[in-house]
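One structure is given below, encoded as structure tokens.
What follows draws every value from the coordinates through simple rules; no lab data is involved. This one's a predicted model, so the numbers in the text were calculated from it and none came from an experiment. Glycine also receives a Cβ, built like all others from the backbone with ideal geometry; neighbour counts cover every protein chain displayed.
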Amino acid sequence: MTFYAIRNLLRISRPLFLLDAALTYTLGVGIAHYLGALIDAGMVALGLAWVLALQLSAHYLYAYFAQESSMETDDPDWHTQGDFGKRMTRELPLWVGITALTLVTSFSLLLIRSGDVESGVYIVMALIALGAFVAALPPLRLADTAYRGLIPSIVLANLVPGLAFMLQTGDIHRLVSMSTFPITLLHYAMLLVFEFQRYAQDLKHDRPMLMIRLGWQRGMRLINLLVLSAYLLLGVAMLIGLPTDIALPAYLALPLGLFLIWYLTRIGAGAKPHWGALNITAMLVYGLTVYLLTFSFWTH
């Protein structure tokens, strides 16, 4: 296998999104720890392996079908840029995706055979799998529509920590929803920022993305609204039962969120965007908030 093929495989794996899933999964386990559950390390590892294998499978299968689609049109998908066809065989993403899907099946059987999993866990697992593959695979392939950011945000920031929690406790708790709904909004805002950078390309190829449908000005306002709503929702959660010693540290990321809003407002006023700084800020707003919540649950 050539260096370019390995590099493309790593790029298609989308390591940041794998890290994202690992972080939100750790949040779910942290909430269980905070509530006094006895943490089963083996179950933690098995559940995380299932989530990551499922992600990898969806990423590679999406890349394969996107490659096939881009060969039929003049609309190269962002997964297939970089002379994809010459540097790795067309079938390689398909076989890697199938291999990862085989691992998902194996991990699922291990969870079933453990006998310690409640029926509700299987429902959450099915929803995660449905979200991953409906977004990635034809004929819907919602990752190429206005739902590009919404479904991954619900899966990664809401369902994955819920699954991690339920694997330890067998049930769900209101602290999970209180913690995950705000970060779901921040995750969606982050993905819309990423989409904003591709606005010109999506407009050129007439892709039905949310930012295209809204227009870039209303799209920026939506991002700002999502960021503000996330921290407002966190405040409401404190009023209805989320412990302040858990929620307050997350507000240390609020200045970054306000900076993101200010920066987007400047771009809307005509300032030249620095995409690297904008993307990194959006990632930090989301990632730092999740980390601070996770750290608080694990240390209290």
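Below is a table of values for the structure above.
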{"read-out": "Residue 185 within 25 Å of residue 223 (Cβ to Cβ) and surrounded by fewer than 21 Cβ atoms within 10 Å (Cβ to Cβ)", "value": "no"}
{"read-out": "Answer from 228, 254 - the residue that is surrounded by 15 or more Cβ atoms within 10 Å (Cβ to Cβ), in contact with a Ser or Thr (Cβ under 9 Å, 6 or more places away or on another chain) and part of a helix (DSSP H, G or I)", "value": "254"}
{"read-out": "Flag if residue 261 is aliphatic (A, V, I, L, M), part of a helix (DSSP H, G or I), touching a Leu at 6+ places or on another chain (Cβ under 9 Å) and over 19 Å from residue 185 (Cβ atoms)", "value": "no"}
{"read-out": "Output for segment 1-56, where each listed residue is of a type in the set (Ser, Thr, Tyr) and in contact (Cβ under 8 Å) with a residue 60 or more places away in the chain", "value": "2, 4, 24, 25, 26, 34"}
